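What follows is a single structure, written as structure tokens, with notes after it.
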Amino acid sequence: MAKLRVVSGRNGPPAGGPGPEAMLSLEELRSQLERLVDRVCPSWLTSRRDDIVQTAVIRVAQIIGRSEGNATFAASYLWRVAYSVTVDEIRQLRRRQETSLEEASVADVVDGAPRDPEARMIGRQIGAAIRDCVRRLGASRRAAVTLYLLGHSVPEIGRLLGWPTKRAENLVYRGVAELRRCLTDKGYQP
Amino acid sequence: MTGPPSLAPDLLAAFADADVRTSGPCPPADEIWAAARGEGDAAGARQVALHVAECGACTVAWRLAVEVARVTPPADLDRRTESTPSSRWRRIASVGAAAALAAGLAGLFVIDARRFPARPDVGVYRAAAPAEVRSLLPDGAVLPRSEVHLRWTAGPEGSRYIVRVFTEDLTSVAEAGDLAAPEYLVPESRLAGLPAGARLLWQVTVVPPEGDRFTSPTFAVRLR
């Protein structure tokens, strides 16, 4: 966890307000970033997960001009930088996969257990089907349902997308119903 | 209205996991960050959400922003505005949305972005896919201090290179920029304080004459 310490903003940008600013060392950032990337990493990136984190942390170190082993920095600033470089690394990896002869390969082993090829194929087909059904929704329903499928609550969806909760509720409910019909038409049991 | 129709957990997982790729440009990372954390304008967030619906990599980016938000201070939601999209990516995305609407009115039931002519400034965010950079040293190479000669595959003709060398705890050892050739001999003086067997990490950024620069994976060698 980030260390709490009163600072004057000497490491990274000014704290920007009264009160203590949470601080973070690069080692703490690395270990937390490993956990978070592990949580969101899709199967088509799992085999490169460690490389993503390693490369991202190195780039953070370059950007912040790290010189001392135990230096700490404003956590919000460090996370902002880490996020940008991690996304950049994921996108570069995707581009390399697009041009490499070794096509984006889904991990053969997940959590120490070998992944059944048939299960992988079925998972891929289901993913493609649900994405296709989402694509067929009207724009507002598509945006609302996308966030719903990613785990956001209805009030949260309204807040993020600038809608009253009631409107977000309508869009999600009707959008999911339409999604279910589409998946059923494709032969899936939603 | 009762709760939304439920969806099987494996469908939710499959949605997040899907390796879908859109032909359109991806928004800058900071726009996804702002949208997922409720820090930007709502119109922009809607554009980002529509893109996330069609892009596996940006789905990961969105989910990562949400996870980071859980470990960092919460967003200031009072700063939410309803301004018109101003960023270049959103202008591009808005053009795409207008085209999609026109296609819908023409009677198409499925909006397929590939049917629309390529937008000339798509290249701003999606330059030609770069070649992969590979180390030309054997895996786990053990090198004498006088001969830490790093070599890698060349980028497009006319590329320049930036190479950075670190210890395992990310202390900078050496850095060289604007190299004309895909190789770099680490000065022995930079290795003086390192013990035998020390592991060095190194990474190359290729700066092609045209298009975006790209960075290699991290490679490793050991000091004899």
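Take A:Gln92 and decide whether it is at pLDDT 80 or above and within 24 Å of A:Asp50 (Cα to Cα).
Answer is yes for this residue.
Take A:Thr184 and tell me if it is at pLDDT 90 or above, surrounded by 16 or more Cβ atoms within 10 Å (Cβ to Cβ) and in a helix (DSSP H, G or I).
Details: at pLDDT 90 or above: yes; surrounded by 16 or more Cβ atoms within 10 Å (Cβ to Cβ): no; in a helix (DSSP H, G or I): yes.
So A:Thr184 does not fit the description; no.
Conditions: (1) within 14 Å of B:Arg151 (Cα to Cα); (2) touching a residue at least 60 places away in the same chain (Cβ under 8 Å). B:Asp212 meets all but one. Number of the miss?
The failed condition is (1).
Among residues belonging to segment B:3-31 that are under 15 Å from A:Arg91 (Cβ atoms) and more than 7 Å from chain A (Cβ to nearest Cβ), point out the one that is surrounded by the most Cβ atoms within 10 Å (Cβ to Cβ). Please lay out each step first, then the result.
The first filter runs over segment B:3-31 and keeps only residues under 15 Å from A:Arg91 (Cβ atoms), leaving B:19-31.
Applying the additional criterion that residues be more than 7 Å from chain A (Cβ to nearest Cβ) yields B:21-25, B:27-28, B:31.
On the way: B:Arg21: 15, B:Thr22: 19, B:Ser23: 13, B:Gly24: 22, B:Pro25: 20, B:Pro27: 26, B:Pro28: 17, B:Glu31: 23.
Among them, the one singled out is B:Pro27.
Evaluate segment B:57-65: report whether one residue or more is in a helix (DSSP H, G or I), within 18 Å of A:His152 (Cα to Cα) and more than 9 Å from chain A (Cβ to nearest Cβ). Quick ask: steps written out before the conclusion?
Step one: list which residues in segment B:57-65 are in a helix (DSSP H, G or I), which gives B:57-65.
Checking which are within 18 Å of A:His152 (Cα to Cα) leaves us with B:58-65.
With more than 9 Å from chain A (Cβ to nearest Cβ) added as a condition, the list becomes none.
Looking for residues that are in a helix (DSSP H, G or I), within 18 Å of A:His152 (Cα to Cα) and more than 9 Å from chain A (Cβ to nearest Cβ), one finds none in segment B:57-65, hence no.
Using the structure shown, decide if A:Lys166 is farther than 21 Å from B:Ala16 by Cβ and either more than 8 Å from chain B (Cβ to nearest Cβ) or crowded, with 16+ Cβ neighbours inside 10 Å (or both). Step through it out loud before you land on a result.
On the way: farther than 21 Å from B:Ala16 by Cβ: yes; either more than 8 Å from chain B (Cβ to nearest Cβ) or crowded, with 16+ Cβ neighbours inside 10 Å (or both): yes.
Against the criterion (farther than 21 Å from B:Ala16 by Cβ and either more than 8 Å from chain B (Cβ to nearest Cβ) or crowded, with 16+ Cβ neighbours inside 10 Å (or both)), A:Lys166 qualifies.
How many residues are more than 11 Å from A:Ala139 (Cβ to Cβ), in contact with a Lys or Arg (Cβ under 8 Å, 6 or more places away or on another chain), within 9 Å of another protein chain (Cβ to nearest Cβ) and in a helix (DSSP H, G or I) when one looks only at segment B:39-55?
2
The values are calculated or read from the model by the stated rules, or taken from the named source; none is laboratory data. Keep in mind the model is a prediction, meaning the values are calculated, not measured. In this analysis, Cβ positions are derived from the backbone assuming ideal geometry, glycine residues included, and neighbour counts consider all displayed protein chains.
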